[in-house]
Amino acid sequence: MHVTVNSGTEIATTQQEGGTGPESAGMELGMPGKGMVVLWNLSIQKAVAVVVPNVEAGMTYGTVLGFGVCRKTSDPKIVKIVFIDSWDEMETLSCHPNHVEVFALSEGVWRSPLGNVPRKSLHFDACEGSVAIDGVVYWLATDRIMTHAGPNYYNLIVSFDATSEEFGEVHLPHRLSQVDDYNLSISKLRNHVVILELHRDEKGYGVWMMQSDVCIPFFVDSFVRIFSINSPDASVKGFRKTGEPVIELMEDGHRPLVVYDPSSTNVIFLENDVYANSFCVYPYVESLLLLDQPDFTIYDNGKATLNEELAREAFEAYM
């Protein structure tokens, strides 16, 4: 499961029964195949919860989530993709019966999307997050193509437009499409999608930025490598509005959070010291989303109920 941010509202997903994803947070519902999402607006300190049905996190199928806001109606939407997680069974398995479902807050129910759905050969990383820009959600994915010589794999970006509810694909430069997917991660720099390429031999990162914000297939030259992060013991957590990456260093057992200046390669230490992998950095925009929603409302199978104790428990578990 994942945590993403758009328009000042965080979406915090709780762990479904039996889930073991490292980014799973919160509480188990005690109901197989279900989880819970908390939508939390930092601006107005209001939160609502959504029960997520048909969640898969086994050896056969996996689940990823995304969050975006309709550009026309400002309606928050959650999209859930259940993908085939077993490469060995990719050819023999059918798509999950609930392959893609969308939850629009104004409707209060999960349903099929209005547009197309991703093809079944696409594999997502359940431990990797998504980013949202102007109502479009982006995930890293890997596609498998069968040839006479055997299967070929390449990385790409899958997009979902929260307004049209159409899925699209963004083609990566050859260098990025052919590396091991665990060496790539997706992030957001200002209003652009960026891909972080981990250089295991060089011990650093390359930062690639997408030049267009149109949700259509792109030419490979739409990605530009804007700078590198030459630090052997660093983990990129996100970017400031000014463009500098916020990274976590590993120094003598400590995990200081620093701001890295690509032009000078200097770092500015922030006044905090945390445990490894105990935090994330996300962009934040003030908004009035959820203003018309009663606090701690829980949406479950078309029903909206006030359950402050359960919603607060899920909210505190994420915090």
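Remarks
- Residues within the range 231-260 that are surrounded by 15 or more Cβ atoms within 10 Å (Cβ to Cβ) and at negative phi, tallied: 18
- Residues located in the range 147-178, provided they are in a loop (DSSP other than H, G, I, E, B), among the hydrophobic types (A, V, I, L, M, F, W, C) and surrounded by 16 or more Cβ atoms within 10 Å (Cβ to Cβ): Ala162, Leu172
- Scoring Tyr205 on the criteria (1) modelled with pLDDT under 90; (2) in contact with a Leu (Cβ under 9 Å, 6 or more places away or on another chain); (3) surrounded by fewer than 18 Cβ atoms within 10 Å (Cβ to Cβ) leaves a single failure, condition (3).
- Count of residues meeting criterion [exposed (fewer than 15 other Cβ atoms within 10 Å of the Cβ) and closer than 30 Å to Gly150 by Cβ] in the range 87-113: 8
- The range 85-113: number of residues that are under 30 Å from Leu291 (Cα atoms) and in a loop (DSSP other than H, G, I, E, B): 7
- Only one entry of Ala162, Ala141 meets the criterion of being in contact with a Gly (Cβ under 7 Å, 6 or more places away or on another chain), at pLDDT 90 or above and closer than 24 Å to Pro283 by Cβ, and that entry is Ala162.
- Within the range 114-146, if we keep just the residues that are β-branched (Val, Ile, Thr) and part of a strand (DSSP E or B), the residue that is surrounded by the most Cβ atoms within 10 Å (Cβ to Cβ) turns out to be Val137.
The values are calculated or read from the model by the stated rules, or taken from the named source; none is laboratory data. Since the model is a prediction, treat every value here as computed from it, not as a measurement. All Cβ positions, glycine included, derive from the backbone under ideal geometry; neighbour counts span all protein chains shown.
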